[in-house]
Number of protein chains: 2
Amino acid sequence: MKKAETLLDILLDAEEFVSGEEISRRLSVSRTAVWKQINKLREAGYEFEAVPHKGYRIVSKPDLLDQQELAQRIQSKVMGSRLKILGTTVSTQEEAKALAEEGAPEGTLVIAEEQTGGKGRMGRKWFSPYGKGIWMSLVLRPEQPLHYTPQLTLLTGVAVCRAVRKVTGVMAGLKWPNDLLVDGRKICGILLESAAEDEHVRYCIAGIGISANLDRDDYPEELTGIGTSLKIEAGEPIDRMALIATVMEEFEMLYELYRKDGFQPVASLWEALSVTLGKRVSIQTARGPIEGMADGLDASGALRVRTDAGEQIPVFSGDVELRR
Amino acid sequence: MKKAETLLDILLDAEEFVSGEEISRRLSVSRTAVWKQINKLREAGYEFEAVPHKGYRIVSKPDLLDQQELAQRIQSKVMGSRLKILGTTVSTQEEAKALAEEGAPEGTLVIAEEQTGGKGRMGRKWFSPYGKGIWMSLVLRPEQPLHYTPQLTLLTGVAVCRAVRKVTGVMAGLKWPNDLLVDGRKICGILLESAAEDEHVRYCIAGIGISANLDRDDYPEELTGIGTSLKIEAGEPIDRMALIATVMEEFEMLYELYRKDGFQPVASLWEALSVTLGKRVSIQTARGPIEGMADGLDASGALRVRTDAGEQIPVFSGDVELRR
């Protein structure tokens, strides 16, 4: 069966302007429907020249991820060695989990141009518009027992932070446990999901959401002042494929280091990139709020908080607020 | 649509003997097929009187789990407050996981008369014949961060061990981390599966398999000498519903204690019921074998092993072999 012609086919095939009338005739839809479809493509990153009585012409295509090119650019051996690139999906975490359940090996990477149900921490949503970010999930099969997975969360943050600094020059910092901030605004979120049988980790899925090429007016109102993008901070568009490739390389390097020498070198790197340490913090935990100075990481990856009473408390999870 | 009549319907409805000929006519199957179906029911725990020229008569029905009766006998408030009893299923773990993903609350309990793909530790199978055991999975939603789930594994072992001793008088002991043994033979296996987002545990499924009423000839050859049952050890059949109810009550009591006072009281109970401590052990871990004396549990739930060189090593996971 021949696939039905789409608006995009017509415009990409044409070397010159195509009139709205012609498009409406060839697609058998109304002029209003054509106009709506044009707007959808605009949202997806296409730019058009529209001239009265002449019609529409594509001026620039969005910077989309290309499977073949990305595979060539990823130099790491294991991480990203299997790629699944999707257009629109509900959540790359769910895709990666399904692949992991089917036996996908360590290093399998799922990336989507857009997520309609992107997941953040604690059941929150993650804003993932089409073609503007890096929304990806990496399958891991760590040998370390479940007990140590918090260390992998921190390791992932270090890998992404190093890659962001290297590729874009934006000096992002790590907020415990694994947010990337620039001047207090969030530029990247990380979510590590684990499935375990007793202490044996069946798999972890490292979800990484990087707001790469979002413009200020892409953000919904409730995120203004909270989120920012690498493009906004760097003042120019980011090469997403270069950043993905570098995240994979940094991750692989750190994962090897961790496997060989344990958590200490990763913890030192995390501390060096942190914006949390040495600050007064207030943390909402399941057992109530904790306030004090963030002193460092302990051997297991917990944040050591020193209260005013001089007590040292290891904090494993919670929402951190940095105080002045 | 009227449900087709089954062999069981015919035999249960009849007050007297029903001839093989009559059964074969009413079910429209051969006499050989009737005989095969009778044998299937025998395997499921039904007992028959078979008299030449008269036919078959049910003498006793298997001791099956009854939803209403079990619900009445379970006195705990949360644990087991929602029951799903299945005849044959692939795995109660998979059933419970699906329910947990759909939002089933803490304390939801799935029990099956038979599992065709029962899961043991490390991808092993768990032998779960029809009507003979307690094959069940309990949904937990712990508040403690992921870091502490090994403690829940130990807590589950303590709950089951206490319930077994109380209901059956069989003095089972705990082998680290959570097998129940009687004279070195396995009587119960526990598997705790966890799903987490970073440090937040979305749910745990505590899988509990108790070989309650298996007879010696129920065991396949490869389990002879390794597995035993409560019926074999106690010398009489076990009231499965009483045991399930008591496991739920013990679990709830310990879970409350743990929530209020932390791991220490649970660890003390575990140590008191242990057959591992004070023994020489050899443990296969992901990082290689460890040999030494099993000294106790540390604060996180790891087994403290003292090597001959005097080193204290915390072991989080592995297969333990008890040495003489």
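The values are calculated or read from the model by the stated rules, or taken from the named source; none is laboratory data. Predicted model only: the values in this text are computed from it and were never measured. Because the Cβ atoms are built from the backbone with ideal geometry, glycine has one as well, and the counts that use them run over all protein chains shown.
Residues in region B:243-290 that are within 21 Å of residue A:145 (Cα to Cα) and without any contact (Cβ under 8 Å) to a residue 24 or more places away in the chain: B:287, B:288, B:289. For region A:169-194, residues that are of a type outside the set (A, V, I, L, M, F, W, C) and more than 8 Å from chain B (Cβ to nearest Cβ) total 9.
Looking across region A:116-125, the residues that are closer than 18 Å to residue A:228 by Cα and either free of Cβ contacts under 8 Å to residues at least 24 places away in the same chain or more than 10 Å from chain B (Cβ to nearest Cβ) (or both) come down to A:118, A:124, A:125. Of all residues in region A:3-30, those satisfying the criterion of being among the small types (Gly, Ala, Ser), in a loop (DSSP other than H, G, I, E, B) and closer than 12 Å to residue A:55 by Cα are A:14, A:19.
Counting just the residues of region A:269-324 that are surrounded by fewer than 18 Cβ atoms within 10 Å (Cβ to Cβ), over 17 Å from residue A:155 (Cα atoms) and of a type in the set (A, V, I, L, M), which one comes out modelled with the lowest pLDDT? Once the filter is applied, the top-ranked residue is A:286.
Residue by residue, here is whether (1) assigned to a helix (DSSP H, G or I); (2) within 14 Å of chain A (Cβ to nearest Cβ); (3) out of contact with any strand residue (DSSP E or B) (no Cβ under 9 Å at 6 or more places or on another chain); (4) among the β-branched types (Val, Ile, Thr) holds:
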{"position": "B:243", "(1), (2), (3), (4)": "yes, no, no, no"}
{"position": "B:248", "(1), (2), (3), (4)": "yes, no, no, no"}
{"position": "B:253", "(1), (2), (3), (4)": "yes, no, yes, no"}
{"position": "B:269", "(1), (2), (3), (4)": "yes, no, yes, no"}
{"position": "B:278", "(1), (2), (3), (4)": "no, no, no, no"}
{"position": "B:292", "(1), (2), (3), (4)": "no, no, no, no"}
{"position": "B:309", "(1), (2), (3), (4)": "no, no, no, no"}
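Looking at A:193, A:197, just one residue is acidic (Asp, Glu), at pLDDT 95 or above and in contact with a strand residue (DSSP E or B) (Cβ under 8 Å, 6 or more places away or on another chain), and that residue is A:193. Taking residue A:193 as the residue in question, decide whether it is closer than 22 Å to residue A:123 by Cα, in contact with a helix residue (DSSP H, G or I) (Cβ under 9 Å, 6 or more places away or on another chain) and either of a type outside the set (Lys, Arg) or not assigned by TED's automatic domain parsing to the domain that holds residue A:45 (or both). So residue A:193 fits the description; yes. Of the residues making up region B:76-94, just one is more than 14 Å from chain A (Cβ to nearest Cβ), of a type outside the set (Val, Ile, Thr) and touching a Ser or Thr at 6+ places or on another chain (Cβ under 6 Å), namely B:82. Going residue by residue through region A:200-220, is there one that turns out to be assigned to a helix (DSSP H, G or I), polar (S, T, N, Q) and touching a residue at least 40 places away in the same chain (Cβ under 8 Å)? Scanning region A:200-220, I find no residue that is assigned to a helix (DSSP H, G or I), polar (S, T, N, Q) and touching a residue at least 40 places away in the same chain (Cβ under 8 Å), so the answer is no. One residue stands out in region B:32-43 among those that are over 32 Å from the mean Cα position of the chain (by Cα) and either among the β-branched types (Val, Ile, Thr) or exposed (fewer than 12 other Cβ atoms within 10 Å of the Cβ) (or both): the one that is nearest to residue B:6 (Cα to Cα), namely B:34.
The set of residues in region B:95-115 that are part of a helix (DSSP H, G or I), touching a residue at least 12 places away in the same chain (Cβ under 8 Å) and either under 28 Å from residue B:46 (Cα atoms) or not charged (D, E, K, R) (or both) comprises B:95, B:96, B:99, B:100.
Within this structure, residue A:45 passes the test of being within 30 Å of residue A:250 (Cβ to Cβ) and outside the structural domain of residue A:139 (by TED's automatic domain parsing). Step by step: first the residues of region A:126-168, then only those that are of a type in the set (D, E, K, R) and within 14 Å of another protein chain (Cβ to nearest Cβ), then the one that is nearest to residue B:302 (Cα to Cα). Which residue is that? Here the residue is A:143. Scanning region A:94-104 for residues that are over 19 Å from residue A:190 (Cα atoms) and buried (at least 18 other Cβ atoms within 10 Å of the Cβ), we see that the one that is farthest from the chain's Cα centre (by Cα) is A:104.
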